[in-house]
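Below: the structure, in structure tokens.
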């Protein structure tokens, strides 16, 4: 497959280039820090952000929410079908 943009450097403002399904977990960090979160089922998302702060966000379905998360907690998360993009 041809990637016409392969010669350009990636930055925080470029589109994500990878992703993975997220299962919220109170005991484990994500495998890769996210750049954005996609939510399939609306609800709350409790996350630890890159600076260590713990936040609870209310995110609608189909949203692509920019966030640098290191963990998505099971406790406090009601949203579903989460995808981390990096």
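The values are calculated or read from the model by the stated rules, or taken from the named source; none is laboratory data. Given the structure is predicted, the values throughout are model-derived calculations rather than measurements. In this analysis, Cβ positions are derived from the backbone assuming ideal geometry, glycine residues included, and neighbour counts consider all displayed protein chains.
Hey, could you check segment 60-79 for residues that are touching a residue at least 40 places away in the same chain (Cβ under 8 Å) and surrounded by 15 or more Cβ atoms within 10 Å (Cβ to Cβ) and say which is nearest to residue 12 (Cα to Cα)?
Checked segment 60-79; the qualifying residue nearest to residue 12 (Cα to Cα) is 70.
Do any residues in segment 45-59 that are on the phi > 0 side of the Ramachandran plot and modelled with pLDDT of 95 or more have Cβ atoms under 9 Å from those of residues that are surrounded by 11 or more Cβ atoms within 10 Å (Cβ to Cβ) and outside any strand (DSSP E or B), where the two are at least six apart or on different chains, and which pairs are they?
From segment 45-59, no pairs qualify.
Could you list, in sequence order, all residues of segment 31-41 that are surrounded by fewer than 15 Cβ atoms within 10 Å (Cβ to Cβ) and touching a residue at least 12 places away in the same chain (Cβ under 8 Å)?
The answer is 32, 40, 41.
Going by the conditions given, is residue 28 more than 11 Å from the chain's Cα centre (by Cα) and modelled with pLDDT under 95? Break it down stepwise before answering.
Working: more than 11 Å from the chain's Cα centre (by Cα): yes; modelled with pLDDT under 95: no.
It is false that residue 28 is more than 11 Å from the chain's Cα centre (by Cα) and modelled with pLDDT under 95.
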